[in-house]
Amino acid sequence: MSELSTERIREVLQTSTFGRQVLYFPTIGSTNDEAKAQAEAGAPEGLLVLADYQTAGRGRMARRWWAPPGSSLLMSVLFRPTFLAPHQAQRLTMLCSLALVEAIAEVTGLSAGVKWPNDVVIGERKVCGILTELGTVGRELRDAVVGLGVNVNVDFTQAPPLMYPATSLQQESGRPVSRLSLLKAFLEHLEARYQRLQAGESPHTEWEQLLV
């Protein structure tokens with residue numbers, strides 16, 4: 001678990017926005033809840049909330065997210081996409097899934113796909129769930145928090161009964177995977193993609209090509 005820390009993340013990142021401010025917790029209720037509270041308090045775009053363990057992690061429809069301590073990337077990223085309308089916010093989910101697929105390929109050599117609306121999969125097994133929650137003012141999008149739970153070094157032979165088949169990067173690659181390396185690659189790909197989104201480029205076509 002010592003692999004991740006605020007200092008180590010800042011040392012390796014080459015981004016200008018995403019992950020430049022980091023809140024790291026050994027244990028937290030939910031990274032999304034903390035990121036939403038920080039958004040309300042005026043935290044800047046690119047804030048990363050990261051935890052080694054969540055006691056109240058959740059996916060879509062309030063389903064419980066299972067991840068043993070220190071095994072996964074449990075994180076939430078704060079966006080302030082004032083250039084998007086609320087109905088366009090799903091583009092942020094697309095960006096995060098695309099950036100993660102790129103990061104997985106870069107760090108492990110594995111090919112992942114996207115299962116609509118919010119899963120990243122390897123084969124038919126889930127390796128990541130994504131939960132996007134919006135903050136609006138009237139009809140304007142004030143902020144968005146995108147939470148990701150990535151199964152990095154999870155041993156699913158020890159898992160409780162799960163609703164959907166799941167796997168981890170270690171299980172698929174046959175070796176432990178550096179969470180720090182994966183986080184670095186993800187944030188750098190995410191920032192590049194977000195800059196292109198701001199310039200008017202839609203991620204939809206590329207995202208659609210990765211759908212399984």
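The table below lists the values:
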| item | result |
| --- | --- |
| Failed criterion for Leu78 (all others in (1) within 15 Å of the chain's Cα centre (by Cα); (2) over 19 Å from Glu188 (Cβ atoms) hold) | (2) |
| Residues of segment 125-170 that turn out to be without any contact (Cβ under 8 Å) to a residue 60 or more places away in the chain, closer than 22 Å to Ser97 by Cα and of a type in the set (Val, Ile, Thr), as a count | 4 |
| Residue satisfying all of: in segment 1-20; under 23 Å from Pro69 (Cα atoms) and not aliphatic (A, V, I, L, M); least open to solvent (accessible area, probe 1.4 Å) among these | Gly19 |
| Residue pairs meeting the criteria (Cβ under 8 Å; at least 6 apart or on separate chains; first at pLDDT 95 or above, in segment 198-212; second open to solvent by less than 70 Å² (accessible area, probe 1.4 Å) and acidic (Asp, Glu)) | none |
| Qualifying positions in segment 143-166 - more than 19 Å from Gln54 (Cα to Cα) and at pLDDT below 95 | Thr157, Tyr164, Pro165 |
| Residue match in segment 172-192 (condition: more than 16 Å from Arg10 (Cα to Cα), among the acidic types (Asp, Glu) and surrounded by 15 or more Cβ atoms within 10 Å (Cβ to Cβ)) | yes |
| Every residue from segment 107-148 that is in a loop (DSSP other than H, G, I, E, B) and polar (S, T, N, Q) | Ser111, Asn118 |
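Here is a yes/no grid of residues against (1) in contact with a strand residue (DSSP E or B) (Cβ under 7 Å, 6 or more places away or on another chain); (2) crowded, with 22+ Cβ neighbours inside 10 Å; (3) within 25 Å of Ser173 (Cα to Cα):
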| site | (1), (2), (3) |
| --- | --- |
| Pro81 | yes, no, no |
| Thr93 | yes, no, no |
| Gly113 | yes, no, yes |
| Asp119 | yes, no, yes |
| Ile122 | no, yes, yes |
| Leu131 | yes, yes, no |
| Leu134 | yes, no, no |
| Val137 | no, no, no |
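The values are calculated or read from the model by the stated rules, or taken from the named source; none is laboratory data. Predicted model, so just to flag it, every value in this text is computed and none were measured. Heads up, the Cβs are rebuilt from the backbone with ideal geometry, glycines too, and the neighbour counts pull from every protein chain shown. Surface accessibility is based on the protein's heavy atoms, side chains included, excluding ligands, DNA and RNA. Shrake-Rupley method; radii C 1.70, N 1.55, O 1.52, S 1.80 Å.
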